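Peer 1: Have a look at this one before I ask anything.
The values are calculated or read from the model by the stated rules, or taken from the named source; none is laboratory data. What you see is a predicted model, and the numbers here were worked out from it, not measured in a lab. Ideal geometry is used to build each Cβ from the backbone, glycine not excepted, and the neighbour counts take in all protein chains shown.
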Amino acid sequence: MTTPYLEVRDLQTHFTTFGGSRVVKAVDGISFSLREGETLGLVGESGCGKTTTCLSIVGLLPPAARIAGGEIRLAGEDLTKKSPREMRRIRGRKIAMILQDPMASLNPLFNIYTQVSEPAYYHLGIRRQSLRRRVEDLLRSVRIPSPAMRMRNYPHQMSGGMRQRIVGAIALAGGPKLIIADEPTTNLDVTIQAQYLDLLKDIQQETGVAIIFVTHNLGIVAKMCDRMAVMYAGKIVECGSVRDLFGAPSHPYTKALLGSMAKLGSKEPLFAIPGQPPDLANLPPGCAFHPRCAEATQHCSEHEPKIVPCGQDWTAKCWLAHPKESLRHDHARA
C-alpha cells in the first residue's frame with residue numbers, strides 16, 4: 001500500500017468571537033488521509049466544517065480562525081509549522097484549490113492569459129513563448145475552444161461553465177499533486193455539471209492528481225469519489241469507501257443523508273432529518289447528533305462516542321457501531 005500524499009491528524013481549527021468571549025470549534029479533531037490519484041468526498045450539512053477543513057489545509061484561514069492542534073502532513077511535511085511565506089511556495093505548486101464561485105477567484109481586470117500563466121511563471125519558472133504554449137495547452141486540456149483567441153478575453157466575456165474551467169486551468173498551472181474542489185459545480189446547470197465532472201475525471205487519469213471533493217450532492221460523490229468522509233458538527237462521524245458507505249452505512253447520520261436522496265423509480269417519500277445542526281460554540285453533551293437521531297440511547301446523550309473500525313479502512317464515530325459488550329449502560333431511548 002502506497003504512503004498517503006496527504007495525512008490530516010487530529011486537526012482542530014477554532015474561531016474566536018469578538019472580544020474572545022466564545023470559541024467555535026469549527027473543526028474538532030478530525031483525521032483522514034489521501035493517496036495520489038485518489039478522490040475523497042467530504043460531505044455534510046452547511047456549517048459542519050467542510051470548507052474550514054479545506055482552508056486549514058491550504059493555509060487560507062480568516063483572521064478570526066486558528067489551527068489549535070493537530071498535524072497536516074503533505075508529502076511528509078507538516079503544513080501547520082510553515083510560515084506564510086513558505087505556504088505561498090506550496091500553494092499552487094503542491095496543492096491548489098478550486099472555489100465554488102469562479103468570479104470570486106478570477107480578477108475582472110486581467111485577461112485569461114495573465115491569470116492562468118501566473119502560477120506557471122511563479123512556481124515553474126516558465127517564460128516567454130514557452131509560457132504562452134503552456135497556457136494554450138492548459139486551456140486546451142480543460143476543453144476551452146480556440147484557446148489562442150480565448151486567452152486574450154476577460155472573465156466577463158465567458159459563460160459560467162467556461163469560467164469554472166478557467167479556474168481549473170489555473171489550479172493545474174503549477175503542476176500540483178493535490179486539488180481541493182470546494183463545491184465547484186453548485187452554480188452550473190445539470191448538463192454543464194456533468195461535462196465538468198467528466199473533465200475532472202479525465203484530468204485526474206492523465207495527471208494522477210489527488211482530489212478532495214467538497215459537495216452536498218451524494219450523486220456526485222457516487223460518480224466521482226473512491227472514499228467518503230461524512231462530517232457533522234466539526235467531526236468526521238464516518239469514513240470509508242463509497243461502496244461501503246452507500247451499501248451499509250454504520251452511522252445514523254450517514255443513513256439519514258442517504259435516505260434524503262431521490263431514487264430513480266422510487267415512490268417513497270424523501271427522509272427529512274429533524275431539527276437543526278447544533279451551535280458549535282455550545283455543543284450538547286455526548287454525541288452531537290443525538291438530539292436529532294432516531295436511534296439514540298441514554299448512553300449517547302451522556303458519553304461522546306469513540307471511533308471504531310467497521311471494516312477495512314472504514315471507521316464510524318457512533319456507539320451503535322461499537323461491539324455490544326462495550327455498551328453496559330442503559331439503552332433506553334433518549
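Peer 1: Considering (1) on the phi < 0 side of the Ramachandran plot; (2) touching a residue at least 24 places away in the same chain (Cβ under 8 Å), say which one D313 fails and leave the rest.
Peer 2: Result: D313 fails condition (1) only.
Peer 1: For region 246-295, which residues satisfy the criterion of being crowded, with 21+ Cβ neighbours inside 10 Å, of a type in the set (A, V, I, L, M) and either part of a loop (DSSP other than H, G, I, E, B) or at pLDDT 95 or above (or both)?
Peer 2: Selection gives L280, A288.
Peer 1: S105 passes all but one of (1) modelled with pLDDT of 95 or more; (2) surrounded by 17 or more Cβ atoms within 10 Å (Cβ to Cβ); which number fails?
Peer 2: (1)
Peer 1: If you check K82 against the conditions, is it modelled with pLDDT of 95 or more, buried (at least 18 other Cβ atoms within 10 Å of the Cβ) and of a type in the set (D, E, K, R)?
Peer 2: no
Peer 1: Take the residues in region 88-131 that are basic (K, R) and out of contact with any strand residue (DSSP E or B) (no Cβ under 7 Å at 6 or more places or on another chain), then tell me which one is farthest from I179 (Cα to Cα).
Peer 2: R128
Peer 1: On to the next question. Kindly list, by first and then second residue, each pair from a residue in region 153-164 that is surrounded by 19 or more Cβ atoms within 10 Å (Cβ to Cβ) to a residue that is hydroxyl-bearing (S, T, Y) and not in a helix (DSSP H, G or I), limited to pairs with Cβ atoms under 9 Å and residues at least 6 apart or on different chains.
Peer 2: Matching pairs, first to second residue: Q164/T185.
Peer 1: Residues in region 212-234: is at least one over 15 Å from the mean Cα position of the chain (by Cα), within 20 Å of R35 (Cβ to Cβ) and among the β-branched types (V, I, T)?
Peer 2: Taking every residue of region 212-234 in turn, none turns out to be over 15 Å from the mean Cα position of the chain (by Cα), within 20 Å of R35 (Cβ to Cβ) and among the β-branched types (V, I, T).
Peer 1: Is it fair to say A64 is of a type in the set (A, V, I, L, M, F, W, C) and free of Cβ contacts under 8 Å to residues at least 60 places away in the same chain?
Peer 2: Spelling it out, A64 is indeed of a type in the set (A, V, I, L, M, F, W, C) and free of Cβ contacts under 8 Å to residues at least 60 places away in the same chain.
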